[in-house]
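Values quoted throughout were computed directly from the atomic coordinates according to the rules given, and no laboratory measurement underlies them. Bear in mind that the values here come from a model prediction, so they are computed numbers and not experimental data. All Cβ positions, glycine included, derive from the backbone under ideal geometry; neighbour counts span all protein chains shown.
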């Protein structure tokens, strides 16, 4: 190799290698401290693009799961109110059966009717006052006759009957159940009341059964969301997260190269001095 003093090529080469080792060391430190393999767009543009889509979906899955849980809470509130209404209807039917007995006096029937009418008013009060976050559930506000229903958005996109659907909460006021106009003042009207109450109880039970099936459906939706989120998180993790063992190896390697590079740079800078000694 020729010996020259104007240009120290060995020093330039060593500085370039130190710069490369420094970049590797910086990258390893960044990844180890953040736990991420992709910290900047230039680390892996393709992986960043895909992982960002996964992150958006994962975040949406979390909210969709919350929506499904809220929907279950809505139905539980409605079902709880209807269970109380059920007690009132059962009592009203018992009163109607009692009033159908011909051995009662008019005063007896008046007393029975007074309780009957009070229970009927309570049914309507419960139906009109049951609300979740300002949404009145059982007064017909979300019945099929008035609107499409209460919207449950339980997916991450906007496909009807896939990401959302509407649930008719029903109307269980005394008027909707056909209880208005019933009385227990004589055996004939009391017998009519028995038949009407059977129909009302059946209507209420049909609504409770339908809402109960939605709870089962929502619970399945939540389970599916959890599984999907786990899969998406695994995919996003594989694209974005750092392999700590690998990055630790890269860190040690870059650190050794930096130390040896600095040492060699010192030696390379001594070469022109050694050449100068040939002159003297």
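On a 0 to 90 degree scale, rounded to 10, what angle separates helix 9-34 from the longest Cα axis of the chain?
With rounding to tens, the tilt is 20 degrees.
Can you compute the helix-only [θ] at 222 nm over the chain? Use -39500 (n - 2.57) per DSSP H run of at least 4 residues, normalise by all residues, nearest 500 deg cm²/dmol.
Computed mean residue ellipticity for the chain: -25500 deg cm²/dmol.
Where does each of 231-239, 41-49, 67-75 land if you order them by average Cβ count within 10 Å, highest first?
Put in order of decreasing packing, that is 67-75, 231-239, 41-49.
Compute the long axis of helix 187-240 from its Cα atoms, compare it with the longest principal axis of the Cα atoms of the chain, and write down the angle in degrees, 0 to 90, nearest 10.
0
For the pair residue 216/residue 22, report the inter-label distance in nm, with labels modelled 7 Å from Cα in the Cβ direction.
That separation, rounded to one decimal, is 6.8 nm.
Which part of segment 24-67 falls in the paramagnetic zone of residue 243, meaning amide N under 14 Å from the point 7 Å along Cα-to-beta-carbon?
Label zone hits: 37-38.
In whole Å, what is the distance between the alpha-carbon centres of segment 112-138 and segment 25-104?
Cα centroid of segment 112-138 versus Cα centroid of segment 25-104: 29 Å apart.
Roughly what angle does helix 45-99 make with the longest principal axis of the chain, taking Cα atoms, 0 to 90 degrees, to the nearest 10?
Value to nearest ten degrees: 10.
Could you give the length gained on full extension between residue 164 and residue 84, defined as 0.36 nm per residue of separation minus the Cα-Cα distance, in nm? Show your work: numbers first, answer last.
On the way: separation 80, 0.36 × 80 = 28.80 nm, distance 2.97 nm.
Extending this stretch completely gives an extra 25.8 nm.
Find the relative contact order for segment 47-240 and round it to a whole percent, using C-alpha pairs within less than 8 Å whose residues are 6+ positions apart.
Rounded, it is 34 percent for segment 47-240.
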